C-alpha cells in the first residue's frame, strides 16, 4: 500500500514537471493568409501529447505541408519538428 502511494506521488510529480515544462516561448504564428490557405486542423487536442487545447493558456499553430497543426506548448513543437511524420498520421 505504501509503495503504491509513493508510486502515485512520483507519477504526479513527473506529470507536473512535464506540464510546467510546456512554458510559453515566443513562437512565430502563421499569417492570416497562410492559415486561410491551409487545411483546418481537425483535432481538439495537441498533436503531440493529445492534451485538450481548451485546457491550455495558449495554442500554437504551425503549417506543415499545407495542413494546420496545433500544439499546447513549445516543447511539443520541438518534438514535432524533430520528426513530424509519425504525428501527422493522427491528422489524416
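The values are calculated or read from the model by the stated rules, or taken from the named source; none is laboratory data. Values in this document were obtained by computation on a predicted structure and should not be read as measured data. When we count neighbours, we look across all protein chains shown, and the Cβ atoms used for this are built from the backbone with ideal geometry, even at glycine.
Computed quantities for the displayed model
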| quantity | calculated |
| --- | --- |
| Single unsatisfied condition, residue 41 versus (1) free of Cβ contacts under 8 Å to residues at least 40 places away in the same chain; (2) surrounded by 13 or more Cβ atoms within 10 Å (Cβ to Cβ); (3) touching a strand residue (DSSP E or B) at 6+ places or on another chain (Cβ under 9 Å) | (1) |
| Residues of segment 63-81 satisfying the condition of being more than 11 Å from the chain's Cα centre (by Cα) and either at pLDDT below 95 or in a strand (DSSP E or B) (or both) | 63, 64, 67, 68 |
| Some residue of segment 16-23 being part of a helix (DSSP H, G or I), modelled with pLDDT under 95 and in contact with a helix residue (DSSP H, G or I) (Cβ under 6 Å, 6 or more places away or on another chain) | yes |
| Segment 82-92, residues that are surrounded by fewer than 17 Cβ atoms within 10 Å (Cβ to Cβ) and either part of a helix (DSSP H, G or I) or touching a strand residue (DSSP E or B) at 6+ places or on another chain (Cβ under 7 Å) (or both) | 82, 84, 85, 86, 88, 91 |
| Residues of segment 52-71 that turn out to be in contact (Cβ under 8 Å) with a residue 24 or more places away in the chain and in contact with a helix residue (DSSP H, G or I) (Cβ under 9 Å, 6 or more places away or on another chain), as a count | 11 |
